[in-house]
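For reference, the structure is listed below as structure tokens.
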Amino acid sequence: MIVGAFGTEWSVKFNQREICALKGSTVFMNGTYTHPEGLTVNETFWCLEVPWVDLTDLSKDPDYSGRVEYFTDEQKHFSLKLSDVMKKDEHQFCFRIITDVDKEKWLGKSGVQLRVAELHVETPEEVTEGETADLTCKTTCSLTDPTFIWYKNGRPLTTKTIKNNQLHLQTVSSEDAGSYSCAVRGYQHLHSTAQNLRVRYPPNNVSVSISPSGEIVEGSSLTLTCSSDANPPVKIYTWFKEGGTSPVGSGQNYSIISITADHTGLYYCEAQNEHGALKGTMMNADRNAKDDTYTALQPTARSSDDVYHTLAAVQSSSPDALYTALDPQSSSPEYDTLAALRETASIVRW
């Protein structure tokens, strides 16, 4: 309070003396004032209360020009609208009143302290599948009644438990791994910096591929490759042949040089890391086979070359095509065999 020459006190009251605003948001600072009777207010403006610096109108400051708007009314309410709040805006903001009497002016001290909040996400460094995990959206100052929104890989999360500023993952799975960020409702465009949640899990999606693809003939070579998703990556690959109890090889790739009849069979791999192991899909290695149809039907065991060639011609057709490709009026062991296989054609992969 400063007593004026006319015996009446000046009075300036701010609605809030300290404000926490989100970086990038728009903030309002409000208050009311009175002045001694008989004075006419010629000018009001907002300024920064910085030691040893003149009280300069913010609207004329290059750092604030275009970002500030002033509002006053006849009831002597005043407000400052500051847009696109920046970290460097953390200052004490004061209000300046100049009247028609040179010595009667408000000095503008002890105004509003602005704090600028930046959002950042805290996550566990790593979490193991099956454990629980809490992610926290932190602010550098206390916002007023914020509602936090969480995002994973840029998409809002709607099915997870959110309590205050925490995201709770009850039972972590490999699918929870990803990039997490947070925002405050009303300012969804102002995301925090994203943080990655790393999840440790045993191998899954284990599969086997074969190279080269196509016809496998006796004397040729091939390589089976095992692939798996795991964190940490798979350390041990072990190869097995169906029906055997001992491994036939190790390493991500298993090569067979100069294929013989003894190599015919189904092969699979087991992928293992420190959190577990999983067996993959089986891959057929038949020395005469072009695909699984040939393997299932054992074409080399047929007595008629005509039957063999007919099967080759319809291998890409439906199972019924196998039944109808031969002349149904002809009676032969080959026809009887195909008729019997018709009922079980669903197990043949086409």
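The values are calculated or read from the model by the stated rules, or taken from the named source; none is laboratory data. Values in this document were obtained by computation on a predicted structure and should not be read as measured data. We place every Cβ from the backbone using ideal geometry, glycine too, and count neighbours over all the protein chains shown.
Checked against (1) part of a strand (DSSP E or B); (2) crowded, with 18+ Cβ neighbours inside 10 Å, residue 216 passes all but a single condition, namely (1). In the set (1) surrounded by 14 or more Cβ atoms within 10 Å (Cβ to Cβ); (2) more than 45 Å from the chain's Cα centre (by Cα); (3) closer than 28 Å to residue 187 by Cα, residue 77 fails one condition alone, (1). Taken together, the residues in the stretch 195-244 that are hydrophobic (A, V, I, L, M, F, W, C) and touching a helix residue (DSSP H, G or I) at 6+ places or on another chain (Cβ under 7 Å) amount to 2. Restricting the stretch 248-275 to residues that are without any contact (Cβ under 8 Å) to a residue 40 or more places away in the chain and either hydroxyl-bearing (Ser, Thr, Tyr) or over 24 Å from residue 228 (Cα atoms) (or both), the residue that is surrounded by the most Cβ atoms within 10 Å (Cβ to Cβ) is 254. Residue pairs whose Cβ atoms lie under 6 Å apart, separated by 6 or more positions or on different chains, with the first residue in the stretch 1-29 and at positive phi and among the small types (Gly, Ala, Ser) and the second at pLDDT 80 or above and not in a strand (DSSP E or B), are 24/190.
Under the condition of being surrounded by 15 or more Cβ atoms within 10 Å (Cβ to Cβ) and acidic (Asp, Glu), the residues counted in the stretch 172-212 number 1. Taking residue 185, is it touching a strand residue (DSSP E or B) at 6+ places or on another chain (Cβ under 8 Å), among the basic types (Lys, Arg) and closer than 19 Å to residue 120 by Cα? Taking the combined requirement at face value, the residue satisfies it. Criterion applied to 233, 247 was being closer than 16 Å to residue 205 by Cα and not assigned by TED's automatic domain parsing to the domain that holds residue 126, and the one residue passing it is 233.
The residues on offer are 88, 81, and the sole one that is part of a helix (DSSP H, G or I) and not assigned by TED's automatic domain parsing to the domain that holds residue 140 is 88. State whether the residues of the stretch 239-247 include one that is closer than 19 Å to residue 274 by Cα and in contact with a Ser or Thr (Cβ under 7 Å, 6 or more places away or on another chain). Looking for residues that are closer than 19 Å to residue 274 by Cα and in contact with a Ser or Thr (Cβ under 7 Å, 6 or more places away or on another chain), one finds at least one in the stretch 239-247, hence yes. Tell me whether the stretch 39-50 contains one or more residues that are part of a loop (DSSP other than H, G, I, E, B), under 16 Å from residue 113 (Cα atoms) and in the same structural domain as residue 105 (by TED's automatic domain parsing). Checked the stretch 39-50: at least one residue is part of a loop (DSSP other than H, G, I, E, B), under 16 Å from residue 113 (Cα atoms) and in the same structural domain as residue 105 (by TED's automatic domain parsing).
The set of residues in the stretch 158-181 being more than 28 Å from residue 86 (Cα to Cα) and part of a loop (DSSP other than H, G, I, E, B) consists of 158, 159, 160, 170, 171, 172, 173, 177. Looking only at the stretch 100-116, how many residues end up being buried (at least 20 other Cβ atoms within 10 Å of the Cβ) and modelled with pLDDT of 85 or more? The total comes to 4.
Within the stretch 1-20, if we keep just the residues that are of a type in the set (A, V, I, L, M) and at pLDDT below 95, the residue that is surrounded by the most Cβ atoms within 10 Å (Cβ to Cβ) turns out to be 12.
Only a single item in (1) outside any strand (DSSP E or B); (2) at pLDDT 90 or above; (3) aliphatic (A, V, I, L, M); (4) in contact with a Leu (Cβ under 9 Å, 6 or more places away or on another chain) is not met by residue 234, and it is number (4).
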